[in-house]
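Have a look at the structure below before the remarks.
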Amino acid sequence: MGIFSRFSDIVNSNINSLLDKAEDPQKMVRLIIQEMEDTLVEVRSTSARLLAEKKDVQRQQQRAEHEVLDWESKAELALSKEREDLAKQALIEKQKAQQVVESLQHEIDRVDESLDKLNDEIGQLQEKLADAKARQKTILMRQKTATSRLAVKQQVDSNKVNDAMEKFDRYEAKIDDIEAQVESYDLGKRTLRDEFAELENEGKVNDELEALKARMKAKAKGDE
């Protein structure tokens, strides 16, 4: 059983609502498109049949119109020969042929009305079909994006990644230990640069001490 039970179901359908309710939107949209395309083929087939029927009725009408003209010509001929009885019979046949012409015209009008409706329905169906195909592309893109994000999430959250990060931490800890060992060898060793730096610092301290003594002496004299 299809998603739609008749053509009006497709035209009046809300594709978004159908997809929202579907457990598998991608499968649902494929089914919708398939049924719309099948319906479009059926509607076009019906249109082709009606067009063929119209042409056949038009041919019948043309023959009936020729009969109308032919019986009118015969009536004129009968009158010209003073055969009024034959003229009347010819006019009766003309009336019959004219009724056939009018009946066939009604049939042509009916077919034209049906074709107009079908053309309108085909236009509506094509719009719905285009909408469904656009939604199908959107759904496929969303599915690919979601699948990619899920794969990344699974990779990030996997134990392999956690194990790798723990290994990095252990390697960094080992390097820290090695660097600490190297630095430990330098502890307590005084280089020539260290001794000169110490002399420079000692000179600065002495200079600052002398300056402080001078300021204190000057202050003491001022107080006197």
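Each reported figure results from applying straightforward, stated rules to the coordinates on display, with no laboratory input. Bear in mind that the values here come from a model prediction, so they are computed numbers and not experimental data. Glycine also receives a Cβ, built like all others from the backbone with ideal geometry; neighbour counts cover every protein chain displayed.
Between ARG59 and LEU140, what is the label-point separation in nm under the 7 Å Cα-to-beta-carbon projection?
Taking the two extended label points, one gets 4.5 nm.
Spin-label point model (7 Å from Cα, Cβ direction): what's the LYS27 to ASP109 distance in nm?
Output for this residue pair reads 5.2 nm.
Going down the table (LYS54/LYS88; LYS55/LYS128; LYS55/LYS133; LYS27/LYS133; LYS54/LYS117; LYS27/LYS117), which pairs top 24 Å between alpha carbons?
Values: LYS54/LYS88 33 Å; LYS55/LYS128 31 Å; LYS55/LYS133 36 Å; LYS27/LYS133 13 Å; LYS54/LYS117 15 Å; LYS27/LYS117 31 Å.
The pairs that break the limit, which is 24 Å between Cα atoms, are LYS54/LYS88; LYS55/LYS128; LYS55/LYS133; LYS27/LYS117.
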